[in-house]
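Enquirer: Attaching a single structure in structure tokens format; questions to follow.
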Amino acid sequence: MRRVYALILIIGMAATAAAQQRLASVTPLPTKVEFSDTPATLDVERGLRLYIEGAAEESERLARAADATGIALKRVNRPAKERYLNLRVTDSAEQGAEGYTLDVTERGVTITASTPAGIFYGLQSLRQMNDGEVECCTITDAPRFAYRGILIDISRHFRTKEFLMRQIDMMAQLKMNRLHLHLTDAAGWRIEVDSYPRLTSYAAWRTPSTWKEWWYGERQHVEEGTPGAYGGYLTKAEARELVEYAADRYITIIPEIELPGHSDEVLAAYPELKCTNNPKFQGDLCIGKEATFEMMQSILDEIIEIFPSEYIHIGGDEASKESWKLCSDCQRRMQEEGLESVDELQSYMIHRIEEYLNARGRQIIGWDEILQGGLAPNATVMSWRGEEGGIAAAEAGHDAIMSPHGYCYIDAPQDAPYSQPESIGGYLPLEQVYSYDPAPESMDEATRRHILGVQANLWAEFIVTDEHYEHMLWPRAIAIAEIGWTPQQRREYSDFRRRTLRIVEQMQQAGYTPFDLKNEIGNRPETLTPIDHLALGKSVTYNYPSRYYAPKYAAAGDATLTDGLRGGWTYADKRWQGFLGRGGVDVTIDMGEVTPIRSISADFMQICGPGVYMPCMVEIAVSNDGEQWQPLACIEHEIVVDELPSFKSFGWEGETSARYIRYVGHRSKYSGFLFVDEIVVH
Ligand code: ACM
Ligand code: ZN
């Protein structure tokens, strides 16, 4: 008797484990999943009868989403008693604006929500659970954040409506709801504007097809139709079609019109909006000229007519502000308005644009630089230079969206740099993205309430092809989707990775080109295990003239070079220590007592893009009293400038004994950083 009972228990447990396995395949992971005591499934191979209640004019939209679950559906006018799929929008549903309850029994499926959006998300879960049968369970689910977004940059290299629709399809399955379109930037204007036609007949075209060639060349634009002209733009009709396509999937497109910086292409098409004395390669709009406001307001009139989004992104980042100091119009404006700095001049423009859009029922989002010179009263801040801007805005009672570059800038390489296409920034693997929490417990409650959500930004300077773009976007944007949806305490990387491997495979089958996660190489092998050596934990003195490491790249401070921890693919991982001084790195290790020594070495990393170079010479010496030094090695190194990060060890081997070790890495003629992670002594 007891044995039979145990057997039933085991079968029950196995079935439940299988059910857990299948359900845990819903991504983003739902808030709560409950199974019935007896595991059971609903067979959906023979199809279900679809009944939609309370969705009013959104019924057809939901019917299309229901069809996309892959279950054959027959629409009925009354709820069926069995083999049903009932979609119920009801005031009594409790899951908030985007939440839903999904109830699967052996008779059918019921999805309940207080909005059609909630029903849509329930259908996305059902779609992922369907493999001919669906496990019986109840899912109670709602997003952690209201804003779950992706930025797609179609300025640096134009992408078509069809490409954008494919990404929208994936976003929808992952319950993401905001697509931020970076429509304008120096390299190309990408949206039709009737009142300023040269934005698309001229500013949307260039002859060098890659951004890199264009940027490092003369940065010129050409007339549309010029032989070899490269570029493009969305017509108003295409943009409207996109808006509709996204709305059908409960995604809002937020257009970004950059001002006052990143506007080189606007000035190329309408040079009369340049500052007087505008330096070459200077892309800031003139804030002194009234014509700038006439133009921007006219453009925004047309933009809000195409994009119904509550938010319009107005850029605000990285203005050089130099031309404003030289321009008589800008100086006059500052005088007339009592503005004391160019920061305040920028803020004056953002305020005016906000007022203009607010009067038309819209709100602005700007990059965190809009905090400089005073934040516009109703602005939402998108925090990219770190989290500080978002937190400062939230503390001041503004809303903020988090997209700090250390986690959300997925234009950075996601695997060993030698295995990846040229990109910007340091190693940013899926796990690092996933580790981000936009509103941690440590943030006070009032501040946290203003964190609207999270966004992945994919800038396209180095991304020419669609395949490459998808490779960068997926699967890291899946991590952003789960950060945006799933409660923090439910998130766990290994489980997420397991589900993501499956999604990547499905995407590949559907013709997408995501990064092939299953073949991930991972971080620099040296960084994975701490090492033991004779200088471990020994004290390090930083000598003149370098003396100090750069505060931003202090890593573990004075302990860094003898803490046994070596750096990974990026110098920003708090294991590499950075030296910016003219002297490079110059340190003395005190071994505590005279010690037999057979080798001394240190690794350096080089990544030329951000100005990190190998030393041109390394000198190693030892001493017993710290005064009389015996040189051991002087290693010269010829620097090879290339695009990929590289790593090199500089060291000495032999036999000696000493109490003090002096290690000097000289900076080369290339100004920039030296980075070293550990001085290893055996
Ligand atoms: C930005 O990356 N400049 C917003
Ligand atoms: Zn000016």
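The values are calculated or read from the model by the stated rules, or taken from the named source; none is laboratory data. This is a predicted model, so every value here is computed, not measured. Cβ sites come from the backbone with ideal geometry, for glycine too, and all protein chains shown count toward neighbours. For the accessible areas, the whole protein counts, side chains as well, though only heavy atoms, and no ligand, DNA or RNA atoms are used. Shrake-Rupley method; radii C 1.70, N 1.55, O 1.52, S 1.80 Å.
Enquirer: Sort out for me the Cα centre separation of segment 550-591 from segment 64-87, rounded to whole Å.
Expert: 61 Å
Enquirer: To continue, here is another question. Among the GluC sites (Glu not before Pro) in segment 78-168, which ones are in a DSSP loop with at most 13 other Cβ atoms within 10 Å of the Cβ? Mind listing them?
Expert: Answer by residue number: 82, 94, 106.
Enquirer: For segment 124-190, with only Lys/Arg (+1) and Asp/Glu (-1) charged at the beta-carbon, what is the dipole magnitude about the Cα centre, in debye rounded to 20?
Expert: That gives a dipole near 420 debye.
Enquirer: Over the chain, what number does the Rg to Rh ratio reach, with both radii from the alpha-carbon atoms and Rh per Kirkwood?
Expert: 1.03
Enquirer: Under Stokes-Einstein, with the Kirkwood radius over Cα pairs standing in for Rh, what whole-number D in µm²/s applies to segment 532-578 at 25 °C and 0.890 mPa s?
Expert: Taking Rh from Cα pairs, D becomes 220 µm²/s.
Enquirer: Now for a different question. Could you sort 218, 395, 354, 441 by accessible area so the largest value comes first, with the probe set to 1.4 Å?
Expert: Final ranking, largest accessible area leading: 441, 395, 218, 354.
Enquirer: I would also like to ask the following. Could you work out how much longer the chain between residue 326 and residue 355 gets when fully extended? Use 0.36 nm per residue separation minus the Cα distance between them, nm to one decimal.
Expert: So the chain would gain 7.7 nm between residue 326 and residue 355.
Enquirer: In terms of solvent-accessible area of protein heavy atoms at a 1.4 angstrom probe, what is the ranking of 448, 524, 240, 78, highest value first?
Expert: Heavy-atom accessible area, descending, gives 78, 240, 448, 524.
Enquirer: Sequence gap at least 6, Cα distance under 8 Å: using those rules, report the relative contact order of segment 190-322 to the nearest whole percent.
Expert: 27 percent
Enquirer: Students often get this wrong, so check it: of 280/325; 212/574; 175/236, which have C-alpha atoms separated by over 18 Å?
Expert: Over 18 Å apart, Cα to Cα: 212/574; 175/236.
Enquirer: So if R0 is 56 Å, what FRET efficiency would residue 634 and residue 488 give, r being the distance between their Cβ atoms, rounded to the nearest 0.05?
Expert: Efficiency computed from Cβ-Cβ geometry: 0.60.
Enquirer: Could I ask something else about it? Report the Cys residues of the chain lacking a disulfide-compatible partner, meaning no second Cys Cβ under 4.7 Å from their Cβ.
Expert: Cys with no partner Cβ under 4.7 Å: 136, 137, 408, 608, 616, 634.
Enquirer: Rounded to the nearest Å, what's the spacing between the alpha carbon centres of segment 263-315 and segment 594-642? Just the number, please.
Expert: 51 Å
Enquirer: So if I take the centroid of the Cα atoms in segment 103-162 and the same for segment 193-260, what is the distance between those two points in Å?
Expert: If we compute the Cα centre of each part, the gap is 31 Å.
Enquirer: Report, in cubic angstrom per residue, the convex hull volume of the C-alpha atoms of segment 175-238.
Expert: 115 Å³
Enquirer: What figure, in Å² to the nearest 10, do you get for the accessible area of residue 194 with a 1.4 Å probe and non-protein molecules left out?
Expert: 100 Å²
Enquirer: Identify, among 654, 637, 666, the residue whose Cα sits farthest towards the positive end of the charge dipole of segment 629-670, taking +1 on the Cβ of Lys and Arg and -1 on the Cβ of Asp and Glu, with the dipole about the Cα centre.
Expert: 666
Enquirer: Across every pair of different alpha-carbon atoms, what Kirkwood hydrodynamic radius in Å does segment 339-455 reach?
Expert: Hydrodynamic radius (Kirkwood, Cα only) of segment 339-455 equals 15.5 Å.
Enquirer: Could you order 553, 670 by accessible surface area, starting with the largest, using a probe radius of 1.4 Å?
Expert: Order by accessible area, largest first: 670, 553.
Enquirer: A further question on this structure: Can you tally the net charge around residue 572? Count Lys and Arg as +1, Asp and Glu as -1, for every other residue whose Cβ sits under 14 Å from the Cβ of residue 572.
Expert: Taking every other residue near residue 572 into account, the sum is +3.
Enquirer: If you don't mind, there's one more thing I want to ask. Out of all DSSP beta bridges with both ends in the chain, state the antiparallel percent to the nearest 5.
Expert: 55 percent
Enquirer: Please work out the average accessible area per residue across segment 415-541, using the 1.4 Å probe convention, and give it in Å².
Expert: It amounts to 42 Å² per residue over segment 415-541.
Enquirer: Let me ask something else. Whole-Hz ³J(HN,Hα) for each residue in segment 80-86, computed from phi via Karplus 6.51 cos²θ - 1.76 cosθ + 1.60 with θ = phi - 60°, x for glycine and proline: what do you get?
Expert: Along segment 80-86, the couplings run 7, 7, 8, 6, 10, 10, 9 Hz.
Enquirer: How big is Rg to Rh over segment 37-158, alpha-carbon atoms, Rh as the Kirkwood inverse-mean-distance radius?
Expert: Rg divided by Rh gives 1.04.
Enquirer: Probe of 1.4 angstrom, ligands and nucleic acids ignored: what's the accessible area per residue over segment 24-166, in square angstrom?
Expert: It amounts to 41 Å² per residue over segment 24-166.
Enquirer: Just subtract the alpha-carbon distance of residue 395 and residue 682 from 0.36 nm times their residue separation and send over the number in nm, one decimal.
Expert: 98.2 nm
Enquirer: Let me check against my output: what whole-number percent is the relative contact order of segment 112-227, with C-alpha pairs under 8 Å and at least 6 apart?
Expert: Normalised by residue count, the contact order of segment 112-227 is 20 percent.
Enquirer: Follow-up question, since we're still on this one. Convex hull over the Cα atoms of segment 242-319, averaged projected area in nm²?
Expert: Across all orientations, segment 242-319 yields a mean hull projection of 5.8 nm².
Enquirer: Using a probe radius of 1.4 Å on heavy atoms only, what accessible surface per residue do you get for segment 241-381? Whole Å² is fine.
Expert: 35 Å²
Enquirer: Over the chain, what relative contact order in percent results from Cα pairs under 8 Å that are six or more residues apart?
Expert: Worked out over the chain, it gives 9 percent.
Enquirer: To the nearest 20 debye, what is the magnitude of the charge dipole of the chain about its Cα centre, counting +1 on the Cβ of each Lys and Arg and -1 on the Cβ of each Asp and Glu?
Expert: For this selection, approximately 1620 debye.
Enquirer: Let me ask something else about it. For segment 253-270, in order, what is each residue's ³J(HN,Hα) by Karplus, 6.51 cos²θ - 1.76 cosθ + 1.60 with θ = phi - 60°, in whole Hz (x at glycine and Pro)?
Expert: Result, rounded to whole Hz: 8, 9, x, 10, 10, 6, 7, x, x, 6, 10, 3, 5, 5, 5, 5, 7, 10.
Enquirer: For the chain, give the percent of accessible area contributed by carbon and sulfur heavy atoms, probe 1.4 Å, rounded to a whole number.
Expert: Using a 1.4 Å probe with all protein chains present, the chain comes out at 49 percent carbon and sulfur.
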